[in-house]
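What follows is calculated from the coordinates using simple rules that are stated; it is not laboratory data. Fair warning: this is a prediction, and the values are worked out from it, not measured in the lab. So basically every Cβ, Gly included, is an ideal-geometry build from the backbone, and we count neighbours across all protein chains shown.
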Amino acid sequence: MDKTILETLSNKGELNTYDLSQELSADHQAIVGAMKSVQSLGEVICVTQKQINLWVLTKEAEEILSNGSYEARIYEVISDDGSSQKSLMNLFPNARIGLNKAMSLGWLRIEKNSTGGDPKVFKKVDEIEDRTKSVVQKIKDGKVKDIPDATLKELKKRKLINAVIIKSFDVTKGPHFTTEVTKMETELSPEMLATNSWKEKKFKPYNFDSLGIMPSSGHLHPLMKVRAEVCQIFLEMGFTEMPTNNYVESSFWNFDALFQPQQHPARDAQDTFFLSDPENAREFPTDYLEKVQKVHESGGYRSIGYRSEWKLSEARKNVLRTHTTGVSARMLYKLGQMEKFKPVKYFSIDKVFRNESVDATHLAEFHQVEGVVADYDVSLASLISILYSFFSYLGIKNLRFKPAYNPYTEPSMEIFTFHEGLKKWVEIGNSGVFRPEMIKPMGLPDNVNVLGWGLSLERPTMVRYGINDIRDLVGHKVNLQMVYDSPICRLDSRLY
Ligand code: PHE
């Protein structure tokens, strides 16, 4: 095709890509592609863009070309002694239009039946000229110039033609015009370097506007995209990621270490998945376990405890972790065991499991985003301040806090934000200052407080990607095309 373009130019001196495509009955885009590849050779050709306004025939017009216009068809079928109007109407789908048109052209006349029966249609002229058909033929032949605008307008109104705009190119010879196209090199090879042949070669310039090929696999799920973004926010705020690579947790770390009473309803089989194999966890730090037992049964650290028997058998039960706060407990325990305390900021984003019935907003497994800050003399005010900055990085500015209850935090606050779409305040997280009953047995110093918060990853993801039913995001009903098509996630506040 490159050659055809150059040879046509050499013979005629100029060409238009669209006209050439018509002449050769070739695809216009293929000619434009070839023209662009010649253009990239340097100054072989000069190109200017030209917009061509074209009329194309609709299916109906194509039909008129082969069968005649509706008005002509009606005219043709009328017998010399007249035809019944009713029978004409049933001849073909647009017969009524044809009759009206033929009437207005003065080709026919209708005679009402004096006895009240069906009117009869008679020919009024001996001969007709099917102008509609001939003008449609003219358009097909590209002879639009001779057709008055009013006629074109009428044909468009009759849905016989449509306007299309074609971007074509006028091409003329360039300063370095030649019909000898040497293919430009696309790669510098070791041989070219060794033989010095690269000096004579012409190299194809890079096209920085071309789009990359869409990878056919390996797309990240939207949840993972949002996770990467949230993870980045925590890292930028100086947080360290906690190891959350255990879906199975002992009740001890999941509940007891968090001062959650053994009779707590959340520990019920209704809310928690218990494991049958291995049913029980075996290893616990003994010293610490005794302290946990004591704080549950009789208190300490100015607490009176739950004053009921604490059973190791209950603490040993393995569960699918119901939150990642068990991991926070393990990390805080480790911190308490260090010789010298040093402030930390931890985060994690990972899966948790709850024995819930699944609906549009609930799943039995979801992701929890968790943050923990342990420092000297931090307070509820510090927590509020940290939450403001954390959520503002997520693009959420309007926060409200509501007192809440968690067995392991006091005070505890649910976090709300105003949802512009729903026009109401919606809960987006839970937070609090960890209780002395939880952190003191771990060995953390007296003037150290620990702040924590948690939220689901699914909710911001659904908001970000406009997904209303969580089952369209996770699970067996997910449309994989959704995963393929979802753009990368940039949270609004981070778009600077
Ligand atoms: N574990 C809490 C939840 O599952 C979140 C939380 C973490 C609350 C830390 C307070 C402190 O909702």
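Listing for the model above:
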quantity: Ratio of Rg to Rh over the range 223-494 (Cα coordinates, Kirkwood Rh, two decimals); calculated: 0.97
quantity: Residues in the range 270-296 that a label on residue 312 would reach, taking backbone N under 20 Å of a point 7 Å out along Cα→Cβ; calculated: 278-296
quantity: Rg over Rh [alpha-carbon atoms, Kirkwood Rh] for the range 131-271; calculated: 1.35
quantity: Exposure proxy ranking, count of Cβ atoms within 10 Å, fewest first, for 423, 143, 101, 351; calculated: 423, 143, 351, 101
quantity: Order of 135, 344 under a 10 Å beta carbon neighbour criterion, fewest first; calculated: 344, 135
quantity: Angle in degrees between helix 325-337 and the longest Cα principal axis of the chain, rounded to the nearest 10; calculated: 40
quantity: Inter-part distance where the range 245-292 and the range 168-209 are each reduced to a Cα centre, Å; calculated: 70
quantity: Share of alpha-carbon pairs per 5 Å distance bin for the range 124-212, given as whole %; calculated: 3, 8, 11, 11, 9, 9, 6, 6, 8, 8, 6, 5, 5, 3, 1, 1, 1, 0
quantity: Alpha carbon convex hull of the range 325-393, projected area averaged over orientations, nm²; calculated: 6.3
quantity: Cα-centre dipole for the chain with unit charges at Cβ (Lys and Arg positive, Asp and Glu negative), debye to 20; calculated: 1020
quantity: The range 106-169 - Kirkwood radius from inverse mean 1/r over Cα pairs (Å); calculated: 15.1
quantity: Charge dipole (the chain, unit charges on Cβ, about Cα centre) - positive-most of 237, 333, 203; calculated: 237
quantity: Compactness of the range 70-129 - radius of gyration and Dmax, Cα, Å; calculated: 10.7, 34
quantity: Bins of 10 Å, starting at 0 and running to the largest distance - Cα pair percent for the range 210-251; calculated: 20, 30, 31, 15, 3, 1
quantity: Pairs of lysine residues in the range 284-391 - Cα separation under 23 Å, sequence separation of 8 or more or cross-chain; calculated: 13
quantity: Where only C-alpha atoms are counted, convex hull volume of the range 1-148 per residue in Å³; calculated: 138
quantity: Cα extents of the range 313-427 along the three principal axes, largest first (Å); calculated: 50, 36, 23
quantity: The chain - Debye-derived log10 I(q)/I(0), Cα point model, q = 0.07, 0.12 Å⁻¹; calculated: -0.71, -1.06
quantity: Span per principal axis, largest first, for the Cα atoms of the range 248-325 (Å); calculated: 37, 25, 22
quantity: Part-to-part distance (alpha-carbon centres) for the range 59-78 and the range 13-32, which is given in Å; calculated: 33
quantity: Fewest-first sequence of 288, 388, 70, 346 by Cβ atoms within 10 Å of each Cβ; calculated: 388, 288, 346, 70
